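The values are calculated or read from the model by the stated rules, or taken from the named source; none is laboratory data. Fair warning: this is a prediction, and the values are worked out from it, not measured in the lab. Please note: Cβ atoms are built from the backbone with ideal geometry, for glycine as well, and neighbour counts cover all protein chains shown. Heads up: the accessible areas ignore ligands, DNA and RNA and are worked out on the full protein's heavy atoms, side chains in. Shrake-Rupley method; radii C 1.70, N 1.55, O 1.52, S 1.80 Å.
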Amino acid sequence: MIENDSKLSIEKSASGRRALVFNARNKNGIKIPQHLLRDTEPLLPELSELEVIRHYTLLSHKNFSLDANFYPLGSCTMKYNPRINEIVSSLKNFEDLHPLSDDACAQGTLELLYHLEKALCEICAMDATTLTPAAGAHGEFTGAAIVKAYFENKGEKQRVQIVIPDSAHGTNPATSSMLGFETVEIKSNEKGQIDIETLKKALSERTAMLMLTIPNTLGIFEADIEKIVSIAHNSGVVVYMDGANMNALIGILKPGDMGIDLMHLNMHKTFSTPHGGGGPGAGAICVKKYLEPFLPVPRVIKEKGMFRTKSDCPLSIGKIKSFFGNTAVLIKSYAYILSHSNDSLSEISKNAIINANYLLKKLGKLYPPHNREYCMHECVLSCPEELLKNQVRTLDVAKRLLDFGLHAPTVYFPLIVKEALMIEPTETESKETLDAFIQAMQKIYEEGKYHPETLKKAPINLATKRMDETFAARNPDLRWESKKTCSSKV
Ligand SMILES: *Cc1c(COP(=O)(O)O)cnc(C)c1O
């Protein structure tokens, strides 16, 4: 068999091979000053077009991707992204629209954004929406800025604290601190929920906002949510919901009905377009009527049958992103919502919950779960004691999964669970895929018990073996340098 290692193929450089030959004729007679012309050839590999194609195709096969691998990355909702979304969002009229176009020339896009805002208000039982934030965390930042502006306008400047349970997503304390809020962390009870007495003690006339991730990062729903909201409201506190986990609730429960005042949605999680490839996201903020005046500008409004952008909003927190945010992602989300009826929206969350509970029941026998009884769209397990005794840790289990062609779950998060494995299968996976994952996890358990050295070395079958991830992140070396040097004269 021919050695087809993609690393080597770029080393196959041979003098004079070309993938592309430029026509050197200078038709327009443009004179490039002599001192700007290079007098040596660039140090580039010399390869034929076919070799270049093979190199990149083989490299692409070495990537883990949602289109090729099961991707149970907890909290990230890595669901399948229907291809129709991509087709719709790359329609020429959307793609070619200049962001500075006059409103009259941007009616289609404005109309879509307007209807998407309305759809999200309906899904969440809220009154107004902005689509401008670029991601979930940016949505949180926007939400906290809205609450800050609200209290400043109300003359309650002493409200400088945000109360956050320890089961919240890590971005919650980070984004509120960026706005100058003090964060007050409250401990969850043994069920992984908010302890009512602890909450009461934490709230005061200095509290601006209670920031809840629902379901929380343990995959647990706050069963006492109505009581919690009413306690907060009685202290004049605004209740914010981190709605990035809305895949567990969509079509079943509307946050506005539980008394939530404002929330963000991760368009790139719940409404497909999963992240992970480093591409853009979008994070909508939905608010109750009394917070609408503080939403960022521009807003989209409908007037005399026309759609218009509106920026003269005196109480608005101002601009938080150029133009209307990442509209390509928003178009995909709208296509995704339209392709579901009201009934099938709830199929998303029901199936996401069933899939996660199936994994919890099957894997919970070997990997101790945080909550044995039930979970919402994700479950949190731990590395078993039997393996820890053999010096096998969660990281080793995660790395070994890669050898089975399965992406690892989120590890060591939430921080409140020791050696955590946070698994979110999403609704788009079949039972067969879940069974393959269960089998791999069972095999890894056996290996950890009887051949722990295999797990310490994993991944074994991939092109890249165990990496020092800190070093790779801090000192990325992304250049290619020829070892052999090409035929150039440099
Ligand atoms: C993903 C996530 C966030 C942050 O969203 P980004 O789009 O990654 O900024 C916040 N909260 C929760 C619960 C999440 O899962």
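Using amide H atoms built 1.01 Å from N in the peptide plane, name the residues 5+ places from A128, or on other chains, whose amide H lies under 5 Å from its own.
V287
Roughly what % antiparallel, to the nearest 5, for the DSSP beta bridges in the stretch 205-328? Intermediate results must be reported in sequence, preceding the final value.
On the way: 10 of 19 bridges.
Among the beta bridges of the stretch 205-328, antiparallel pairing accounts for roughly 55 percent.
Q391 to K200: extension gain in nm, 0.36 nm per residue of separation minus the Cα-Cα distance?
64.6 nm
Pairs of Cα atoms under 8 Å, at least six residues apart: use those to get the relative contact order of the stretch 84-338, whole percent.
On the way: 486 pairs, mean separation 73.2, N = 255.
It rounds to 29 percent for the stretch 84-338.
At 24 angstrom or more along the helix axis (alpha-carbon based) and mean Kyte-Doolittle of 0.0 or higher, what helices does the chain contain? Whole DSSP H runs only. Don't jump to the answer; show the numbers that get you there.
Details: long enough: 107-124 (25 Å, 0.38); 136-154 (27 Å, -0.17); 342-363 (33 Å, -0.19); 431-450 (28 Å, -0.77).
Membrane-span-like by this rule: 107-124.
Quick one: net charge of N355's neighbours, Cβ under 14 Å, K/R +1, D/E -1?
Surrounding charge for N355 is -2.
Near the amide H of F307, under 5 Å away, which other amide H atoms are found, from residues 5 or more places off or on another chain, if H is placed in the peptide plane?
Residues meeting the amide H criterion: none.
Applying the Karplus parametrisation 6.51 cos²θ - 1.76 cosθ + 1.60 with θ = phi - 60° to the phi angles of the stretch 36-44, what ³J(HN,Hα) value in whole Hz is obtained for each residue in order, glycine and proline being reported as x?
8, 7, 7, 10, 10, 6, x, 7, 10
Counting heavy atoms of the protein chains only and a 1.4 Å probe, report the per residue accessible area for the chain as a whole number of Å². Don't skip to the end; give the middle numbers.
Details: 24730 Å² over 490 residues.
That works out to 50 Å² per residue.
Dipole of the stretch 25-139 (Lys/Arg Cβ +1, Asp/Glu Cβ -1, origin at the Cα centre): which of T77, Y56, I123 lies farthest to the positive side?
Working it through, the farthest residue towards the positive pole turns out to be Y56.
Where Lys and Arg each count +1 and Asp and Glu each count -1, what net charge lies around E373 among other residues with Cβ under 13 Å from its Cβ? All intermediate terms of the calculation are to be shown ahead of the outcome.
Values: positive: K191, K361, R372; negative: E190.
Here the charged neighbours net out to +2.
If ligands, DNA and RNA are left out, what is the accessible area of R466 with a 1.4 Å probe, given in Å² to the nearest 10?
80 Å²
List the relative contact order of the chain as a percent without decimals, with contacts defined as Cα pairs under 8 Å and 6+ residues apart. Present the calculation step by step, with values, prior to reporting the outcome.
On the way: 882 pairs, mean separation 97.0, N = 490.
Reported relative contact order: 20 percent.
Using each residue's phi in the stretch 299-305, evaluate 6.51 cos²θ - 1.76 cosθ + 1.60 at θ = phi - 60° and report the 3J(HN,Hα) Karplus result to the nearest Hz, with x for Gly and Pro.
9, 9, 10, 10, 9, 6, x
Given a 1.4 angstrom probe, I'd like the percentage of the accessible area of the stretch 84-338 that is carbon and sulfur, rounded to a whole number.
On the way: 5450 of 10090 Å².
Roughly 54 percent, rounded to a whole number.
If the only charges are +1 at each Lys and Arg Cβ and -1 at each Asp and Glu Cβ, what is the size of the charge dipole of the stretch 25-152 around the Cα centre, to the nearest 20 debye? If you can, show how the numbers build up before the last one.
On the way: 11 positive and 17 negative charges, 100 e Å.
My answer is approximately 480 debye.
In the stretch 84-338, what percentage of the DSSP-assigned beta bridges are antiparallel, given to the nearest 5?
On the way: 14 of 31 bridges.
Percentage antiparallel, nearest 5: 45.
How many angstrom separate the Cα center of the stretch 374-426 from the Cα center of the stretch 131-206?
The two parts, judged by their Cα centres, are 29 Å apart.
Hey, got a sec? Which trypsin sites (Lys or Arg not before Pro) in the stretch 217-312 land in a DSSP loop and have at most 16 other Cβ atoms within 10 Å?
Taking the stretch 217-312 and a limit of 16 other Cβ atoms within 10 Å, the loop trypsin sites (Lys or Arg not before Pro) found are K304.
Under a Cβ-only charge scheme (Lys and Arg +1, Asp and Glu -1), can you give me the dipole magnitude of the chain about the Cα centre, in debye to the nearest 20?
Values: 58 positive and 58 negative charges, 251 e Å.
Here the chain has a charge dipole of around 1200 debye.
Between D102 and Y290, 0.36 nm times their residue separation minus their Cα-Cα distance comes to what? Show your work: numbers first, answer last.
Values: separation 188, 0.36 × 188 = 67.68 nm, distance 3.03 nm.
Full extension from D102 to Y290 adds 64.6 nm.
So, with +1 on the Cβ of K and R and -1 on the Cβ of D and E, and no other charges, what is the size of the charge dipole of the stretch 84-338 about its Cα centre, to the nearest 20 debye? Before the final figure, lay out each step's value.
Working: 24 positive and 28 negative charges, 66 e Å.
Here the stretch 84-338 has a charge dipole of around 320 debye.
Projecting each Cα onto the charge dipole of the chain (Lys/Arg +1, Asp/Glu -1 at the beta carbon, about the Cα centre), which of T40, Y367, A463 comes out farthest on the positive side?
T40
If you plug each phi of the stretch 12-19 into the Karplus form 6.51 cos²θ - 1.76 cosθ + 1.60 with θ = phi - 60°, what whole-Hz ³J(HN,Hα) values come out, in order, with x for Gly and Pro?
Computed from phi, the couplings for the stretch 12-19 are 7, 2, 9, 3, x, 6, 9, 8 Hz.
Near the amide H of T183, under 5 Å away, which other amide H atoms are found, from residues 5 or more places off or on another chain, if H is placed in the peptide plane?
Amide H neighbours of T183: I162.
Students often forget the sequence filter, so: which aspartates and glutamates lie under 20 Å Cα-Cα from K12 once same-chain residues fewer than 8 apart are removed?
Those aspartates and glutamates meeting the cut-off are E3, E41, E46, E49, E51, E481.
If I take every Cα pair under 8 Å that is 6 or more residues apart in the stretch 259-321, average their sequence separation and divide by the length, what percent do I get for the relative contact order? Each step should come with its number before you reach the end.
On the way: 73 pairs, mean separation 16.8, N = 63.
Computed over the stretch 259-321, the figure is 27 percent.
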